[in-house]
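Read-outs throughout are calculated quantities, based only on the coordinates presented, and are distinct from any laboratory measurement. Predicted model, so just to flag it, every value in this text is computed and none were measured. In this analysis, Cβ positions are derived from the backbone assuming ideal geometry, glycine residues included, and neighbour counts consider all displayed protein chains.
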């Protein structure tokens, strides 16, 4: 992935990042911006929909627990955090990082939080691909001499 991330990219990355990694990177930045809650962290559920074969008619698969929150920095930027599960702190950090990435500290936050998460995600993806490749079976047909 290039270093030019869209908001959609970093929101997805923050939502999927391991909570411990995100918390550790956030603490390492030593940032504590002044903010007000637009929506304090709250836990709820969302309906997950699926499609047979990825193209069929949509159907309700089930519900998923999620936590969301919204913050506004003293400088005016608004950030949102939506994460799977019941982790209010992860949602708060995701919202703060989202808000900071829209302001003057964007480059520093991207270097300190986002790029390490991208590297961690890419390493995990490579590890999974390597593990899957080790179990790959190549099927072949030998030509028989009947025809």
Exercise for the section: Examine segment 109-125 for a residue that is touching a strand residue (DSSP E or B) at 6+ places or on another chain (Cβ under 6 Å), closer than 20 Å to residue 6 by Cα and buried (at least 18 other Cβ atoms within 10 Å of the Cβ), and state whether such a residue exists. Expected result: no
Exercise for the section: Output yes when any residue across segment 35-48 is over 12 Å from residue 82 (Cα atoms), without any contact (Cβ under 8 Å) to a residue 24 or more places away in the chain and part of a strand (DSSP E or B), and no when none is. Expected result: yes
Fill in the blank from the handout: Scanning segment 90-104 residue by residue, the ones that are farther than 11 Å from residue 23 by Cα, without any contact (Cβ under 8 Å) to a residue 60 or more places away in the chain and outside any loop (DSSP other than H, G, I, E, B) total 1
Exercise for the section: Output the residue which, of all residues in segment 12-34 that are part of a helix (DSSP H, G or I) and without any contact (Cβ under 8 Å) to a residue 60 or more places away in the chain, is surrounded by the most Cβ atoms within 10 Å (Cβ to Cβ). Expected result: 12
Practice task
Can you confirm whether segment 73-88 contains a residue that is surrounded by 10 or more Cβ atoms within 10 Å (Cβ to Cβ), assigned to a helix (DSSP H, G or I), without any contact (Cβ under 8 Å) to a residue 40 or more places away in the chain and more than 13 Å from the chain's Cα centre (by Cα)?
Solution key: no
